[in-house]
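Worksheet for the structure shown next.
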């Protein structure tokens with residue numbers, strides 16, 4: 001039961017990374033793939049009117065985390081205090097930049113909000129990447145299950161660690177690159193004209209850069225947490241995840257070279273699912289690893305709500321999920337197809 | 001409020017209170033305005049009259065801006081449960097997390113999927129689906145309100161829970177938790193208050209155009225709908241919802257009711273103080289003008305009913321800022337009474353066909369729109385200050401709920417950050433909404449004064 005809920009919570013976070021990750025990605029490469037004001041509106045339109053729907057996955061994840069793993073929520077969110085507020089402010093700036101940029105047809109106004117848009121998306125991709133690195137590396141949890149972290153200490157990965165060290169910084173860079181590649185693949189699918197061509201070309205180089213980074217991160221993870229690969233060996237879900245990564249990477253490469261944009265985008269999503277699922281399964285059952293004393297780590301079993309509470313949540317959650325999927329299918333159908341520079345603004349920004 | 005600046009709970013309360021009060025300025029208009037959009041869209045479908053579509057197009061732009069600020073200021077709310085109220089989240093997360101998650105799964109997904117369709121999808125969707133989109137957004141916003149009110153109602157009047165073996169709270173009965181009687185009454189009261197905000201804003205824009213002698217078809221539409229809905233909603237806020245709310249506080253939180261009324265000594269034939277200043281040091285209400293027996297009647301049904309006083313309860317269960325609580329409550333009631341009178345008069349004048357020519361009344365309507373925001377805020381201050389010193393009434397104290405590992409410096413830093421960011425956000429919002437109102441619903445610039453029908 002607890003393991004299943006761990007799966008659900010991971011799923012919600014992964015869904016968020018896939019959906020908002022493409023917005024982060026598109027945002028980071030905004031200036032590179034879109035040069036004229038019209039092209040820049042095209043990128044914003046491709047992210048489309050659904051950005052708040054994507055963010056709901058984060059809200060749903062947060063709420064579910066409080067309900068299912070309240071002790072983890074309390075410990076982790078208070079411990080990551082400042083980093084989380086930077087994320088919240090980044091999300092505020094990003095949302096506002098999407099919404100208000102198109103309101104006034106003036107190149108200074110739009111140029112300013114384009115800058116906020118690019119900056120906020122960079123900040124978010126890097127912070128979420130660093131957060132992922134922190135989850136794998138661990139945090140200085142004490143025996144009461146609490147921690148409070150500085151932004152950085154001595155950049156080492158053991159003992160009294162900070163938010164940033166050589167490992168979490170490299171995961172942050174990796175996250176920024178792979179999400180940029182994901183965003184470029186999305187823009188290739190969703191746009192036409194010069195934005196499409198530039199996204200396709202730039203996406204290709206980004207994916208090539210992802211390959212050595214994946215290898216580097218794998219080696220680094222093995223150095224930071226040597227026990228994780230061993231645990232992963234015995235976990236069939238990790239094998240499944242790795243299998244998904246290999247297959248989708250192959251299909252992604254062929255999709256890009258054959259200009260099959262839909263295939264490339266689907267595989268880009270699957271690749272991220274594979275990577276994140278492998279990571280989530282490998283660290284299970286520890287949700288927060290202690291860099292001070294491994295036995296102080298918080299496991300899912302220690303932080304979960306009571307069985308009856310979990311059972312009750314298992315009744316309404318699937319209903320909510322089915323409803324959310326129905327809205328998504330209905331609404332995605334309406335927004336299917338490419339966004340061009342010339343279209344009227346019905347359905348676009 | 002314990003105003004010791006070295007007390008971490010103080011800063012976390014201030015930050016939560018500030019970010020929540022600011023956030024709620026936006027959803028109250030979203031929830032109030034949503035049904036105007038649904039109504040006009042429905043009228044447009046039924047009559048085919050283009051003026052209703054024009055109204056929807058105009059108000060949707062304002063709705064969209066308002067919605068966007070509501071979304072971005074809403075996300076920090078949920079996260080602060082973990083960042084600033086970690087001990088509370090650990091203790092009660094198994095209960096309150098359920099409705100916070102449900103809000104996302106059932107309400108926000110619905111709302112956010114269709115908001116884009118409502119704002120930009122008129123041509124793509126066609127009139128019927130566009131109407132459905134407006135309806136979906138309205139339902140989603142009201143549903144999200146319900147889940148949040150259930151969460152708050154649990155903190156006011158905990159039901160349906162049990163204390164697990166590890167000492168933390170879990171759900172014993174989901175139906176008891178979701179159907180908390182406190183939630184129903186507070187929800188009804190709160191939603192009517194949101195409608196008051198919506199109708200005052202609609203009426204204010206109508207009055208603005210009427211005074212400028214522009215938009216001759218749109219402005220009467222806004223004035224008529226705004227004043228009529230405003231009258232009905234203002235009345236319902238007071239009776240029965242506000243009345244029931246006060247009775248509920250009297251039954252379940254008698255010490256809160258005593259503090260709200262500045263009633264230091266218990267007894268029968270309790271009066272309602274129209275004016276008066278609570279004097280905590282001397283434990284009495286200074287310079288009161290009272291309606292004798294009114295409080296006994298309102299709270300318990302007869303003039304002779306016994307109403308408890310603060311003296312009957314230990315001081316450590318008194319709300320910790322009685323002055324602020326007392327004034328919030330009394331100001332809210334005063335404003336609510338004025339709303340009924342103002343909207344009653346405006347509806348009457350409109351019915352006589354005189355509203356368009358009563359410049360003085362139009363001026364008042366135009367300038368009155370901030371006051372429902374103030375009244376809503378005062379209402380929530382009454383509810384939340386009245387709940388003190390408890391975080392969950394009778395179960396868990398506020399001073400036990402904040403995050404022990406977060407330093408005051410951290411919280412002050414983020415509070416200052418929010419203050420700056422929200423100030424800029426507010427300016428931006430007012431500028432862009434002002435621009436839309438100035439631009440008007442499409443007939444603003446072209447209409448000259450002499451074309452206005454008298």
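Can you figure out the FRET efficiency of residue B:397 with residue B:124, using R₀ = 56 Å and their beta-carbon distance, to the nearest 0.05? Don't skip to the end; give the middle numbers.
Numbers: r = 53 Å, r/R0 = 0.95.
Once rounded, the FRET efficiency stands at 0.60.
Per residue, what volume in Å³ does the Cα convex hull of region B:214-405 take up? Walk me through the numbers on the way to the answer.
Values: hull volume 30.0 nm³, N = 192.
About 157 Å³ per residue, rounded to a whole number.
Using Cα atoms only, what is the angle between the long axis of helix A:166-190 and the major principal axis of chain A, expressed in degrees (0 to 90) to the nearest 10?
30 degrees
Averaged over B:64-77, how many beta carbons belonging to a partner chain fall within 10 Å of each residue's beta carbon? Before the final figure, lay out each step's value.
Working: counts 3, 3, 0, 2, 7, 5, 1, 10, 12, 4, 3, 11, 7, 3.
Mean shielding by partner chains, rounded to a whole number: 5.
Above 21 angstrom, tally the Cα pairs of region B:151-297 and express them as a % of all pairs, no decimals. Before the final figure, lay out each step's value.
Values: 6835 of 10731 pairs.
Roughly 64 percent, rounded to a whole number.
As an exercise, find the ratio Rg/Rh for region B:305-454 from alpha-carbon atoms, using the Kirkwood inverse-distance average for Rh.
1.13
Mind grabbing the base-10 log of I(q)/I(0) for chain A at q = 0.10, 0.11, 0.12 Å⁻¹? Debye formula, identical points on the C-alpha positions, no solvent, two decimal places.
At q = 0.10, 0.11, 0.12 Å⁻¹ the computed log10 ratios are -0.62, -0.75, -0.90.
Can you give me the Cα centroid spacing of region A:1-29 and region B:374-431 in angstrom?
For region A:1-29 versus region B:374-431, the Cα centre distance is 29 Å.
Give me the one-decimal nm value for the distance between modelled label points at residue B:303 and residue A:209, 7 Å along each residue's Cα-to-Cβ direction.
Once both label points are built, they end up 8.2 nm from each other.
Ratio of the protein assembly as shown's C-alpha Rg to 2.2 N^0.38 Å, to two decimals? Intermediate values should be presented prior to the final figure.
Details: Rg = 27.7 Å, N = 803, 2.2 N^0.38 = 27.9 Å.
The value comes to 0.99.
Between residue B:286 and residue B:57, what is the FRET efficiency for a Förster distance of 41 Å, r being their Cβ-Cβ separation, to the nearest 0.05?
About 0.15, to the nearest 0.05.
For residue A:293 and residue A:311 in one chain, what is 0.36 nm times their gap in residues minus the Cα-Cα distance, to one decimal in nm? Kindly include the intermediate steps, with their values, before the conclusion.
On the way: separation 18, 0.36 × 18 = 6.48 nm, distance 3.25 nm.
The residue A:293-residue A:311 span can extend by a further 3.2 nm.
With N denoting the number of residues in region B:240-292, provide Rg(C-alpha) divided by 2.2 N^0.38 Å, to two decimal places.
Details: Rg = 11.5 Å, N = 53, 2.2 N^0.38 = 9.9 Å.
Cα Rg divided by the expected 2.2 N^0.38 Å: 1.16.
At 222 nm, what helix-only mean residue ellipticity would chain B give, in deg cm²/dmol to the nearest 500, using -39500 (n - 2.57) for each DSSP H run of four or more?
On the way: 15 runs with 307 residues, N = 454.
So the calculated ellipticity at 222 nm is -23500 deg cm²/dmol.
In whole percent, what relative contact order does chain B give with Cα contacts below 8 Å and a gap of six or more residues? Could you put the intermediate results ahead of the total?
Details: 668 pairs, mean separation 91.1, N = 454.
Answer for chain B is 20 percent.
Nearest 10 degrees, 0 to 90: what angle lies between the long axis of helix A:107-137 and the longest principal axis of chain A (Cα atoms)?
Approximately 20 degrees, to the nearest ten.
Remind me, relative contact order of region A:104-211 in percent, using alpha carbon pairs under 8 angstrom and six or more residues apart?
Contact order relative to length: 22 percent.
Taking only Cα atoms, what is the 0 to 90° angle, nearest 10, from helix B:408-439's long axis to the longest principal axis of chain B?
20 degrees
Say R0 is 45 Å: what FRET efficiency, to the nearest 0.05, do residue A:38 and residue B:367 get from their beta-carbon distance? Walk me through the numbers before you get to the answer.
Values: r = 42 Å, r/R0 = 0.92.
With a Förster radius of 45 Å, E is 0.60.
Can you tell me the length gained on complete extension of the stretch residue A:260 to residue A:158, counting 0.36 nm per residue apart and subtracting the Cα distance? All intermediate terms of the calculation are to be shown ahead of the outcome.
Details: separation 102, 0.36 × 102 = 36.72 nm, distance 4.48 nm.
Extra length from residue A:260 to residue A:158 when fully extended: 32.2 nm.
What is the P(r) of region B:1-142, as percent of Cα-Cα pairs per 10 Å bin from 0?
Per 10 Å bin, starting at zero, the Cα-Cα P(r) for region B:1-142 comes out as 11, 35, 26, 16, 9, 3, 0 percent.
First obtain the Kirkwood hydrodynamic radius of region A:102-183 from its Cα pairs, then insert it into the Stokes-Einstein equation at 10 °C and 1.306 mPa s, and state the resulting D in µm² per second as a whole number.
On the way: Rh = 14.5 Å.
The Stokes-Einstein estimate is 109 µm²/s.
Hey, if you drop one equal point scatterer on each alpha-carbon of chain B and run the Debye formula without solvent, what base-10 log of I(q)/I(0) do you get at q = 0.06, 0.13 Å⁻¹?
-0.28, -1.25
On a full-extension model of 0.36 nm per residue, what is the gain between residue B:251 and residue B:238, subtracting their alpha-carbon distance, rounded to one decimal in nm? If you can, show how the numbers build up before the last one.
On the way: separation 13, 0.36 × 13 = 4.68 nm, distance 1.84 nm.
Extending this stretch completely gives an extra 2.8 nm.
Among DSSP bridges having both ends in the protein assembly as shown, what percentage is antiparallel? Round to the nearest 5.
Values: 14 of 17 bridges.
Counting only bridges with both partners in the protein assembly as shown, antiparallel ones make up about 80 percent.
Considering Cα pairs under 8 angstrom that are at least six residues apart, work out the relative contact order of chain A and quote it in whole percent. Don't skip to the end; give the middle numbers.
Values: 501 pairs, mean separation 86.9, N = 349.
Once normalised by length, the contact order is 25 percent.
Mind checking the alpha-carbon convex hull of region A:236-349 and giving the volume per residue in Å³? Mind showing how you got there, number by number?
On the way: hull volume 22.1 nm³, N = 114.
In region A:236-349, the Cα convex hull volume per residue is 194 Å³.
Where a number appears in this text, it was derived from the coordinates with a stated rule and is not lab data. Note that the structure is a prediction, hence the values are computed from the model and not measured. Cβ atoms come from the backbone with ideal geometry, glycine included; neighbour counts cover every protein chain shown.
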